[in-house]
Structure formats: structure tokens, C-alpha cells
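Okay, structure first, notes after.
The values are calculated or read from the model by the stated rules, or taken from the named source; none is laboratory data. Predicted, not measured: the structure shown is a model, and the values here were computed from it. Cβ: placed from backbone, ideal geometry, glycine included. Neighbour counts: every protein chain shown. Each accessible area value is taken on the protein alone, full model and side chains, heavy atoms only, with ligands, DNA and RNA left out. Shrake-Rupley method; radii C 1.70, N 1.55, O 1.52, S 1.80 Å.
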Amino acid sequence: MAKVLVIAELTEDGVRKATLSAISFAAQAAGGTGGSFDVLSIGAAATGAASKLASYGAGKVLTATVDGGYVGERYAATIAAAVKNGAYDVVACCATAYGKDLLPRVAVKLEAGIASDIVGLNVDGGTLKYRRSMYAGNVLGTLTLSTALQAVSVRQSEFEPAAESGGASAVEAVDVVDDAVASRIRFVGVDVVKSERPELTEADVVVSGGRALKSAENFTNVLEPLVDALDAAMGASRAACDAGYVPNDLQVGQTGKVVAPKLYLAVGISGAIQHLAGMKGSKTIVAINKDKEAPIAQVADYFLVSDLFEAVPALTEAVKAAKAG
Amino acid sequence: MKILVPCKRVSDPDNANKVKIAEGGTAVVADGLEFKPNPFDDWGVEAALRLNENASTNESLGEIIVVSFGPAEATQTIRQFLAMGADRGVLVKSEDATLDSYVVAKGLKAIVDKEQPDLVLMGKQSADGESGAVGAILAELLGWPLAFSAATLKTSDGGKTLEVGREVDGGILNLSIDGPAVVTVGDRIIAPGAVKNGVTPDDHAYPESDSGRYASLKGIMKAKKKPIEEMELSALGVEAAPTGDYSDFTMPPARSGTATFVESVQELVEKLQTEAKVL
Ligand SMILES: Cc1cc2nc3c(=O)[nH]c(=O)nc-3n(C[C@H](O)[C@H](O)[C@H](O)COP(=O)(O)OP(=O)(O)OC[C@H]3O[C@@H](n4cnc5c(N)ncnc54)[C@H](O)[C@@H]3O)c2cc1C
Ligand SMILES: Nc1ncnc2c1ncn2[C@@H]1O[C@H](COP(=O)(O)O)[C@@H](O)[C@H]1O
């Protein structure tokens with residue numbers, strides 16, 4: 001009977017969609033063991049977000065208002081106390097930059113074993129078994145933790161976002177607990193990369209560009225019209241990010257983001273295994289590359305062998321025409 | 001400053017698609033694959049070198065200690081980092097199978113307690129296990145601040161305070177931290193202007209590269225004489241008791257068939273509309 005607490009990741013004015021994947025994990029873990037789950041809304045906007053979080057079938061939504069920008073050290077002790085006081089067995093979070101930073105620290109305070117970035121859950125006679133991806137997506141393994149308390153981060157692309165359940169969970173405030181170490185860290189600010197496009201990890205269509213784009217201008221003039229024609233999110237290879245063609249947070253792959261959209265277009269990307277690790281779960285993969293031997297062919301469903309500077313503008317027009325028709 | 005860099009050896013990350021699974025899914029078999037330093041730790045060592053040098057005079061401003069937990073063969077990994085410029089090594093002899101993030105972090109804590117470094121700088125994840133947890137666990141065990149996934153790192157007072165730009169979804173989150181601290185890094189930290197130490201001229205641009213600096217011949221010769229201290233995990237008072245067990249290793253399901261090569265944009269659009277039904 002697993003009792004699960006989900007740590008919600010909040011935005012300035014709401015809930016990060018990845019949180020819904022963590023909730024859906026919690027519902028599975030609770031459902032499979034005859035247990036239950038609650039959600040913790042923590043941050044400056046905790047109270048406002050609580051009413052939204054109350055509609056996903058949690059027993060309770062706990063709130064902890066912590067002002068100021070995000071500093072993990074100011075959250076971990078509060079979360080650990082909430083887990084202890086509520087006698088939870090599992091504490092879960094999404095495996096975003098937020099969850100990856102925060103969860104292990106909470107785990108240590110609770111002496112909880114850690115299953116990071118899980119891609120699946122098996123419930124085996126009441127025991128939770130976590131599927132994890134390793135070796136840049138080339139191996140899957142099942143992790144069984146021997147600790148009483150367990151800390152789990154959930155890969156967003158592998159758990160369908162929870163749907164609203166109609167009811168409203170009770171909302172309850174918990175104590176905010178100080179941690180001495182927090183006084184040694186000051187939040188300075190966030191340099192936000194603004195984009196009007198859908199978020200990379202949430203989009204149905206992702207168009208990624210590689211080193212072959214050759215410049216930031218080409219990303220803007222050649223690739224972006226296609227991205228917009230498809231209402232897609234834009235992604236990139238590490239080579240393109242490193243060269244400064246696009247911001248780093250567009251990187252798809254082992255070091256960057258893991259995406260699994262319905263349609264993924266890899267434009268001028270060779271398909272190094274570290275890139276594949278971030279996109280091979282996509283439903284349909286299209287490669288545009290002038291080298292038909294490029295390793296991206298191992299995962300592509302469709303491969304247009306062509307110079308991208310000819311193919312992409314033509315494809316943009318064709319997509320526009322197809323959508324109009 | 002005195003910087004501790006934990007580092008792990010991993011089976012060749014560029015050939016991770018060549019690993020196999022033992023009968024019955026009991027283990028990952030990487031036979032025939034060379035061991036390489038975890039690239040994330042390579043970036044950690046490079047960042048440590050940049051923090052601890054005057055790049056215009058090649059003068060060293062402190063000490064870098066490389067620590068690895070693993071079998072005797074991990075000495076080779078340590079040696080590679082010594083050849084890049086780290087000063088000395090520590091090998092904590094342990095069986096790979098008995099290590100998990102907690103065991104490594106507890107061992108590292110014992111070494112930090114003994115060495116009292118100003119900073120622990122390390123990869124944000126290992127390229128094989130990909131837990132990404134050791135840094136955070138270590139920081140928590142030490143009661144030190146953590147900067148996870150630093151893209152930029154600046155100090156101007158020998159590391160007493162650190163200005164860190166962390167990679168987060170949607171941008172860079174800037175923190176100012178009173179050391180000592182644990183900082184974990186990804187590849188951004190080796191971008192030309194990512195590390196500044198207040199001594200190397202601010203306009204000094206390190207070369208664009210995918211990896212840390214290459215060891216010079218001189219570096220390799222010097223590394224042979226640099227000390228590597230060896231100890232048993234038990235000597236650190238740490239039990240080799242992982243918190244979990246892996247079973248049922250499998251290959252991820254292969255993607256459906258092979259690529260359909262298309263000749264024209266028109267053909268691609270047609271297939272996406274009628275076959276894949278994604279347009
Ligand atoms: C530990 C580690 C982690 C890493 N993490 C990541 C990660 O998260 N994400 C990531 O992407 N990489 C990652 N990398 C880097 C990765 O190994 C590759 O170096 C990188 O993905 C290559 O990027 P690319 O495909 O854009 O460039 P290249 O490999 O240079 O490929 C360019 C491709 O464009 C094609 N091309 C050239 N000109 C044209 C044209 N005019 N029209 C059409 N096609 C053209 C070429 O045929 C080639 O296939 C990592 C590496 C390491 C060691
Ligand atoms: N066996 C090891 N020896 C030394 N350092 C390690 C070891 N395992 C992990 N680490 C360090 O912990 C970081 C994160 O690894 P992980 O949490 O296993 O993904 C790595 O980049 C290393 O710096």
C-alpha cells in the first residue's frame with residue numbers, strides 16, 4: 001500500500017505540465033498497491049497553484065509558500081518534513097532540471113533510495129519496480145530499491161499527463177522548515193530564454209536543426225519558417241547549441257532534453273548516439289540529410305536525402321499548402 | 001584553491017549502442033568496449049583546471065585531486081586526468097557492482113572530511129548509469145550548497161564565493177554561493193568563456209572543443225610521477241551496500257523496421273499525410 005507524495009513543479013502562475021506526468025506515476029503506484037497519493041504545492045505561488053492541483057484526484061493538496069526565486073536548499077527540508085509527517089512511502093517529482101536538482105537532496109534527508117528519471121513502473125505483488133534507461137538509451141533495467149522510503153523522478157515523455165478527475169482535493173498548509181545551509185546561497189535571477197513557441201518537452205511536433213545549418217541566421221531564415229508552419233517546438237543538436245546558433249536549452253539528447261513527440265524532424269543532424277538518446281522515443285521520425293549513411297537512418301522512419309537548404313524551404317511551402325488544403 | 005574532482009570510468013560512451021545483455025537479463029555486458037573517463041567528469045576536470053590556473057602564464061593557483069571508486073584498472077582513468085594537469089589521485093578500491101550513488105557519495109564525504117577542499121567539482125551524471133545523484137547526495141551529506149548543472153562558474157576571491165549560472169529549463173538560473181560547495185557540470189562549462197577565476201584575464205578565450213584539453217607529451221610523462229593514493233572502501237568506514245538491485249536488463253524495443261528513403265519533398269509530405277498520418 002504505497003502512499004505517495006508528488007512534489008509539484010510550479011511556474012510563476014501555474015503548474016508545469018511535467019508535474020502531471022509525476023501525478024500519473026503516483027496514481028499508478030497508488031492504484032497498483034491499493035494506496036493513495038497527495039500532492040505538495042511548494043514555491044512562491046503555492047497557494048494559487050493548489051486549486052489547480054486539487055483537480056487530479058489527489059487525497060490532499062499540501063501547500064508550502066516559500067518566497068523568492070528557486071533555491072533547492074530552501075525547499076528540501078520542508079519537503080522532507082512533509083514526507084515524514086504524512087508517513088509517505090514514496091516521494092515523486094518530474095525528472096526536469098527542477099526534479100533532478102531537488103529530489104536527491106530530499107532523498108538524503110529521508111534516507112530514501114533513489115530511482116532517477118524512470119521510464120516505467122511495474123507493481124509486483126505490492127513492490128514497486130522502476131524501469132530506468134541507461135547507456136544513452138541503449139539499455140533498460142529494472143531497479144528495486146531496498147529502502148523503506150523511496151524517491152522517484154519521472155521522465156515526462158514516458159508517463160501520459162494525468163487528466164482532471166472532476167473532484168476537488170482538500171487543501172492543507174504544511175510548515176516551512178529552515179535549513180542552515182540555505183543562508184550560504186543567494187538567488188540572483190533567471191536569464192529567461194523567451195519563446196512564443198510550444199515548449200520542447202510538451203510539443204506534438206519538434207523540428208531540430210544540427211551543425212549543418214551553419215549559422216544562427218540560417219536557423220532563423222531557413223529552419224524557423226518550417227517550425228512555425230508545423231506549429232512545432234524547435235530543438236537542436238549539441239553541435240548547433242555549442243556553436244551558438246541557438247540557445248542551449250534547445251538541446252535534445254543525453255545531456256539535454258528527452259522528447260517523444262508525434263513527429264520529430266532531424267534536419268542536418270548526423271544522429272550521434274547521445275542525440276538519439278533524446279529523441280528515439282518519438283512516434284514518427286523524419287531525417288533530412290544529404291548523407292544517406294548518416295546514423296540517424298537507424299531510427300528514422302522517413303529519410304529525405306537532400307541538401308537541407310533546398311529541401312527545407314520546399315517542405316515549408318508544401319506543409320503550408322497541405323494545411324491550407 | 002583546493003579542488004576535488006570525483007571521476008568515474010565508463011565503457012566507451014560513443015559506442016554505448018554496442019553493449020549487450022547477459023542471458024536472462026542479469027547484467028549489462030560491455031565486453032570489447034574500452035573504458036573511458038566519464039565525459040562529464042572530463043568536463044569537470046577541465047573546469048577545475050581553468051579555475052586553478054592563470055591561463056596567460058600557465059601558473060598553477062592551487063591543487064586538483066582526482067578521486068575514483070572502482071577496481072585497480074581505474075588507476076588508468078585517474079592517470080589520464082593527471083596527464084591533463086590534475087595534481088594527484090586517490091583510488092578507492094571497490095567492485096563496480098557494489099557501488100551506487102549513496103556508496104560513492106558516502107565515500108566521497110569521508111575523503112572531503114579528510115582533504116578539506118574548497119570545492120568539489122564533478123560531472124552532473126555518469127554516461128552509463130545516468131543517475132545524476134552523487135553530487136546532490138554528497139552536498140546534502142556535507143551540509144554544503146549545491147549548484148547542479150553549472151553552465152558558468154566565476155570566482156574572484158580564490159573560491160570563497162562562487163557565481164554560478166545553472167542550466168534550468170527555459171534559461172540560466174544565477175546563484176551566488178559561499179563556499180565550500182559542490183558544483184556539478186555538463187558540457188556548457190567548457191565553452192570558451194564559461195569559467196572565470198579573476199586571475200586569468202577576463203578576455204582570455206579558451207578554444208572551442210567537445211572535450212577537456214588534450215594531455216601533452218610532457219603532461220603524460222609528468223603524470224607517471226604524480227602520486228595516486230590507494231585505499232579500500234572499508235577504510236573510509238563505508239559499507240559497500242547499495243540501496244537497490246537491478247534486474248531484467250533488456251534492449252529497448254527496436255524502432256519499426258528501417259528507414260524509407262524518399263526522393264522528393266512531395267513524396268515525403270504524401271507519406272506523412274497518408275501513411276504516418278501526422279500532417
Ligand atoms: C557525454 C556526451 C553527451 C552528449 N550529449 C549530446 C546531446 O545531449 N545532444 C546532442 O545532440 N549531442 C550530444 N553530444 C554530442 C554528439 O556526440 C554529437 O557530437 C552531436 O550530436 C553532433 O551534432 P550534429 O549532428 O548537429 O553534427 P554532425 O555530427 O556534424 O552532423 C551534421 C550532419 O549534417 C549533414 N549535413 C551537412 N550539410 C548538410 C546539408 N547542407 N544538408 C543536409 N544535411 C547536411 C551531415 O551529413 C551530417 O550528418 C554528446 C557527446 C558526449 C560525449
Ligand atoms: N565510481 C565513481 N568514482 C568516482 N566518482 C563517481 C563514481 N560514480 C559516480 N561518480 C561521480 O558522480 C557523478 C554523477 O554520477 P551519477 O550520480 O552516478 O550519475 C559522476 O560524474 C562522477 O563525478
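In deg cm²/dmol, rounded to 500, what helix-only [θ] at 222 nm does chain A give when every DSSP H run of at least 4 residues adds -39500 (n - 2.57) and the total is split over its residues? Taking each H run of at least 4 residues, the total per residue is -7000 deg cm²/dmol. Of all DSSP beta bridges confined to the protein assembly as shown, the antiparallel ones make up roughly 35%.
Let me make sure I get this right: for chain A, a, b and c are the square roots of the gyration tensor eigenvalues over alpha carbons, sorted descending. Under 1.5 in a/c it's rounded, otherwise prolate if a/b > b/c, else oblate. Which is it? Prolate, since a/c reaches 1.5 and a/b exceeds b/c.
Over chain A, accessible surface divided per residue gives 37 Å², non-protein components excluded, 1.4 Å probe.
Indicate the gyration tensor shape class of the range A:200-324 (rounded, prolate or oblate), computed on the Cα atoms with a ≥ b ≥ c the square roots of the eigenvalues: a/c under 1.5 is rounded; otherwise a/b larger than b/c is prolate and the rest oblate. Here the range A:200-324 falls in the rounded category. Which helices pass in chain A if a helix is a full DSSP H run, must span at least 15 angstrom along its long axis by Cα, and must have mean Kyte-Doolittle hydropathy not below 0.0? Membrane-span-like by this rule: A:18-33, A:97-110, A:308-324. Interface of A with B. Using a 1.4 Å probe and counting protein heavy atoms only, the two chains hide about 6900 Å² of accessible surface, both sides summed. Accessible surface area normalised per residue over chain B is 42 Å², counting heavy atoms of protein chains with a 1.4 Å rolling probe.
Name the residues of the range A:264-299 whose amide N is less than 19 Å from a point 7 angstrom out from the Cα of A:Asn221 along the C-beta direction? Output list for this probe position: A:268.
Summarising the strand pairing of the range A:3-184, around 35 percent of its internal DSSP beta bridges are antiparallel. Ignoring aspartates and glutamates fewer than eight residues from A:Lys84 along the same chain, the ones with Cα atoms less than 15 angstrom from its Cα are A:Asp38, A:Glu111, A:Asp175. When Rg and the Kirkwood Rh are both derived from Cα coordinates, the Rg/Rh ratio for chain B amounts to 1.04.
Legend: residues A:Leu149, B:Leu82, sorted from most to least accessible area (1.4 Å probe; ligands, DNA and RNA excluded), read A:Leu149, B:Leu82.
Under 27 Å of direct C-alpha separation, and excluding same-chain neighbours fewer than eight residues apart, A:Lys283 reaches these lysines: A:Lys17, A:Lys100, A:Lys129, A:Lys257, A:Lys262, A:Lys292, A:Lys320, A:Lys323, B:Lys18, B:Lys20, B:Lys271, B:Lys277. Within chain B, the longest run free of exposed loop sites, counting trypsin sites (Lys or Arg not before Pro) that sit outside DSSP helix and strand states (H, G, I, E, B) and have at most 13 other Cβ atoms within 10 Å, spans B:1-159. A straight Cα-to-Cα reach below 19 Å connects B:Lys154 with the lysines B:Lys2, B:Lys124, B:Lys196, residues fewer than 8 places away in its own chain not being considered. Does the range A:114-194 come out rounded, prolate or oblate, given a ≥ b ≥ c as the square roots of the eigenvalues of its C-alpha gyration tensor, rounded meaning a/c under 1.5 and, failing that, prolate meaning a/b above b/c? Judged from the Cα gyration tensor, the range A:114-194 comes out prolate (a/c at least 1.5, a/b above b/c).
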